[in-house]
Amino acid sequence: MPSSDAPDSGRSLVRAAFTVSVLSIGWTVLTGAAAVGLGLTSGSVVLVAFGAVGALDALGSAALAQHFRHALRHDSLNEDLERVAHRIVTVGLVVVGAVAVIGGLLRLLLGGTAESSVAGTVIAGSSVVVLSGLSRRKVVLARDVGSPALRSDGHLSAVGAAQAVVTLLGTVTTLIGWPWADPAAAIAVGVVALNVGVQSWRG
């Protein structure tokens, strides 16, 4: 927690970090579960990958919520909890990236088509807005609070927002008959997630 002359301000920042982590858990659990179910039903790799990002984002946010809750109780950030939360988030980024790339490659090699889903489109569209907002908020608070783990979680939310955009584009490409576009998009986002995860770990 920032050691300034205004401890109340520091607590407010940590409380805000705790709140954004809890909000992130709620949103990603709800939309992630729905996206995975719809993706499996419609055969959309990118929708499943989007849901998987949500699940791991929720896991990372849960670790951060516990971290900031502990900080509020003890008036300081715990380095061990910060380290654990950071590892959970960065490993999540790498895992999601790898799964998206492998899944996309398998779809391209084995063929198969994805069906357009109105519900999936609605989830993706709303997630672009919500996850983009959560990502920006996390990154700003991470700087103010001094939490690399929260910054990495902000990057994970940004990856989720990017996958939401790709999911929307995938709906259009499915309608116009480009079956390769969905798995190709999943691969592209997966590569980005892998790169962000590796850079976050090194950072």
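Of the listed requirements (1) surrounded by fewer than 24 Cβ atoms within 10 Å (Cβ to Cβ); (2) closer than 18 Å to Thr19 by Cβ; (3) within 17 Å of the chain's Cα centre (by Cα), His70 misses just one: (3).
Filtered by the rule that a residue be under 13 Å from Val159 (Cα atoms) and either at pLDDT below 85 or aliphatic (A, V, I, L, M) (or both), region 99-128 gives Ala100, Ala124, Val128. On the given criteria, is Gly26 crowded, with 22+ Cβ neighbours inside 10 Å, out of contact with any Leu (no Cβ under 8 Å at 6 or more places or on another chain) and within 21 Å of Arg137 (Cα to Cα)? When the stated conditions are applied, Gly26 does not pass them. Kindly check whether there is at least one residue in region 48-67 that is buried (at least 20 other Cβ atoms within 10 Å of the Cβ), hydroxyl-bearing (Ser, Thr, Tyr) and touching a residue at least 12 places away in the same chain (Cβ under 8 Å). Yes, region 48-67 contains at least one residue that is buried (at least 20 other Cβ atoms within 10 Å of the Cβ), hydroxyl-bearing (Ser, Thr, Tyr) and touching a residue at least 12 places away in the same chain (Cβ under 8 Å).
Residue by residue through region 40-55, note down the ones that are more than 15 Å from the chain's Cα centre (by Cα) and either among the hydrophobic types (A, V, I, L, M, F, W, C) or over 15 Å from Val165 (Cα atoms) (or both).
As a first pass, look at region 40-55 and keep what is more than 15 Å from the chain's Cα centre (by Cα): 40-45.
Result: Leu40, Thr41, Ser42, Gly43, Val45.
Scanning region 54-78 for residues being modelled with pLDDT under 85, touching a helix residue (DSSP H, G or I) at 6+ places or on another chain (Cβ under 8 Å) and over 28 Å from Val128 (Cα atoms) gives a total of 2. Tallying residues that are outside any helix (DSSP H, G or I) and either over 14 Å from Ala65 (Cα atoms) or touching a Lys or Arg at 6+ places or on another chain (Cβ under 6 Å) (or both) within region 131-152 yields 1.
The values are calculated or read from the model by the stated rules, or taken from the named source; none is laboratory data. Everything quoted here is computed from the prediction, not taken from an experiment. Cβ atoms come from the backbone with ideal geometry, glycine included; neighbour counts cover every protein chain shown.
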